[in-house]
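The structure appears below as structure tokens.
Read the figures in this text as sums done on the coordinates, not as results from a lab. Small disclaimer: the values here were computed from a predicted structure and weren't measured. Positions of Cβ are backbone-derived with ideal geometry, glycine not excepted, and every protein chain shown enters the neighbour counts.
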Amino acid sequence: MYKLVVVDLDGTILNSYGEISETTKESVKKCLEKGAKIVIASGRPIDSIKTIANELGIEEYFIAGNGALIYDLKKDEIIYENYMKKEKVLEIIKICEDNSISYNVYTDKTILTTNLKFNVLYYYKENLKKEENKKTNVSIVENMYNYVKNLNEEKFLKITICDESATIFNSIVRTLKEINDVEILEVSHMSRKIIKQGTEEIPIEYYYTEISAKNVDKWDAVEYLARKLNIGNEEIIAIGDNINDKKMIENAGLGVAMKGSAPDVINVANIVTDSNDNDGVAKILEKYI
């Protein structure tokens, strides 16, 4: 019997418009009522995930920053953390600035950016539909290097690097791989999201990678949480679509890839469910929980 379901957000439980269907909400509700634990595992920061957890009725834990932290909703506190060191963040910022590459710095509280492009533009548009207390915090700063250098209490989850050109993107990734003591996500395909603007649908497409502290992975956080809850790996379902989900899908008792997932993710999954636009997560919950 499966006791713990770990589910990714973007491309998985959220559809292409960043929404959760009523069908999926109902499936999550039924699973929670049966006593199963459902944990969100996302690259997003705390407040963004907290809003979605509340929407789904999840009241225990979630994983943020691709495994950089575990948050206890009942106690309203972080119970596990592995943050990037500020000097590494500054080193990466300088490389991005010198090469005119788009990047964002994720702290535990907000997403720092110098302009609204790519994934941050998606969050910004998503915020326009939300109440003030449910928005993903996005802060636009003029001089990122100086801003980060002068921060005292911020904790750094990750940095995302984005570009529309595969050539430029691959070049910067090769440079970033020379940095010691960080993890660089190997993403070979484009990210595709859709923004609704009136009756118009605007696609956002870009290549991206994510950089975090050494040994940060969703699965490492899942294992920590499973031990705390006395749940074995064979009792875990992990559902995702991207490379940052690969390790947890590969190691969980039941690894589930969404239809249209990255090929490397599909290759390690036990099964492939329907797409995020066709209630793929709900179908797994209904069948196995």
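For region 115-169, what does the alpha-carbon gyration tensor say about shape, rounded, prolate or oblate, given a ≥ b ≥ c as the root eigenvalues, a/c under 1.5 as rounded, and a/b over b/c as prolate?
Details: a/c = 2.15, a/b = 1.04, b/c = 2.06.
Oblate is the answer for region 115-169, as a/c is 1.5 or above yet b/c matches or exceeds a/b.
Separation of region 50-84 from region 1-23 is 15 Å, based on Cα centroids.
Model label sites at VAL141 and GLU200, defined 7 Å from Cα along the beta-carbon direction, differ in position by 3.3 nm.
Matching the structure-derived semi-axes √(5λ) of the Cα gyration tensor in Å against the labelled list [x] 32, 21, 17; [y] 40, 27, 17; [z] 29, 21, 19 gives the label [z]. Around the amide H of TYR61, modelled in the peptide plane, lie the amide H atoms of LEU73, all under 5 Å away and 5 or more residues distant in sequence or on another chain.
Among rounded, prolate and oblate, which fits region 86-213 when a ≥ b ≥ c are the square roots of the eigenvalues of its C-alpha gyration tensor, a/c under 1.5 means rounded, and a/b larger than b/c means prolate?
Details: a/c = 2.08, a/b = 1.23, b/c = 1.69.
Judged from the Cα gyration tensor, region 86-213 comes out oblate (a/c at least 1.5, b/c at or above a/b).
Straight-distance candidates among the lysines for linking to LYS3, with alpha-carbon spacing under 21 Å and chain neighbours fewer than 8 residues away dropped: LYS25, LYS29, LYS30, LYS34, LYS37, LYS74, LYS218, LYS228, LYS246, LYS247, LYS283, LYS287.
For a 27 Å ceiling on Cα separation, which of these pairs sit above it: LYS85/LYS130; LYS149/LYS214; LYS135/LYS196; LYS129/LYS214?
Working: LYS85/LYS130 32 Å; LYS149/LYS214 21 Å; LYS135/LYS196 17 Å; LYS129/LYS214 36 Å.
Too far apart for the 27 Å limit: LYS85/LYS130; LYS129/LYS214.
Please give the Cα centre distance for region 94-130 versus region 234-280, rounded to the nearest Å. Using only Cα atoms to place each centre, the spacing works out to 27 Å.
Rounded to the nearest Hz, the phi-derived 3J(HN,Hα) couplings of region 110-116 under the Karplus curve 6.51 cos²θ - 1.76 cosθ + 1.60 (θ = phi - 60°) are 7, 9, 9, 8, 9, 7, 8, where x marks glycine and proline. Estimated from helices alone, the mean residue ellipticity of the chain at 222 nm is -9500 deg cm²/dmol (sum of -39500 (n - 2.57) over DSSP H runs with n ≥ 4, per residue).
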